[in-house]
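Quick notes on the structure that follows.
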Amino acid sequence: MTTTPQSYGPPSGAQDVAKLGPFRPPLVYLVSLVTGVLIQHAAPLPFVPGTLAVPLGASLIVVAIALFAYSAAKFRAAGTPVPARKPTTVIVRTGPYRFSRNPIYLAFSLFQLGIAIWINSLWLLVTLVGAVGLIHYVVIPREEQYLERRFGAQYSDYKISVRRWL
């Protein structure tokens, strides 16, 4: 199920998008990953028993990639772009969006968690906490304001009925 914007959306010709500032989610997670790896290289700090690291980490990475691909496919099938720099055309309520309003961010987080476990780096967990905090407290609220402005009560109803993360 998808929901289209109401008539009080942006004026024709205007490109109304979420104002994320410098906080592009893929960049937030990339900086988090690189920072964690660099700190791990300088001062290794393992946290998982060695025999669990690779199988558990690899499994989480596979789940994260599958969740990302499925979530992006649902956006494409609904005809709305995935990147936040383009206007959202519909509210997607199918697939993983029935359970989470942000399955792509969840996928990014699971991906970094999987890498942290795989390479056995507590530092990657620490930087992941920072990334999730930035996404949760800065990025998602800005996106939600945009979606409420664009879709009105339709988005508010969706927001009430589906959790932010999981």
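The values are calculated or read from the model by the stated rules, or taken from the named source; none is laboratory data. The structure displayed is predicted, hence computed values, not measured ones. Every residue, glycine among them, receives a Cβ derived from its backbone with ideal geometry; neighbour counts consider all protein chains shown. Quick note on the areas: whole protein, heavy atoms, side chains included, nothing else; ligands and nucleic acids left out. Shrake-Rupley method; radii C 1.70, N 1.55, O 1.52, S 1.80 Å.
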(message) Under 10 Å, Cα contacts only: if you run a Gaussian network model on the chain, which one of ALA78, ALA131, ALA66 comes out with the highest mean-square fluctuation?
(response) ALA66
(message) Roughly how far apart, in whole Å, are the Cα centres of region 119-166 and region 90-105?
(response) 12 Å
(message) For the chain, take the longest principal axis of its alpha carbons; what is the angle in degrees between that and the long axis of helix 140-151, to the nearest 10 within 0 to 90?
(response) 20 degrees
(message) Test of understanding: what is the full-extension gain from VAL54 to VAL129, defined as 0.36 nm times their sequence separation minus their Cα-Cα distance?
(response) 24.9 nm
(message) Taking a virtual spin label 7 Å from the Cα of ARG142 along the C-beta vector, which residues in region 63-88 bring their backbone nitrogen under 20 Å of it?
(response) 81-88
(message) Give me the one-decimal nm value for the distance between modelled label points at VAL31 and ALA153, 7 Å along each residue's Cα-to-Cβ direction.
(response) 4.0 nm
(request) Tally up the carbon and sulfur contribution to the accessible surface of region 33-131 as a whole percent, 1.4 Å probe, everything protein left in place. (result) 76 percent
(message) I'd like the orientation of helix 103-118 relative to the chain: the angle between its Cα long axis and the longest Cα principal axis, in ° from 0 to 90, rounded to 10.
(response) 0 degrees
(request) Give the Rg/Rh ratio for region 123-166, taking Rg as the radius of gyration of the Cα atoms and Rh as the Kirkwood radius, to two decimals. (result) 1.12
(request) Work out, step by step, the length gained on full extension between HIS41 and SER161: first 0.36 nm times the residue separation, then minus their alpha carbon distance; give nm to one decimal. (result) 38.9 nm
(request) Using the heavy atoms of the protein chains and a 1.4 angstrom probe, tell me the accessible area per residue for the chain in square angstrom. (result) 53 Å²
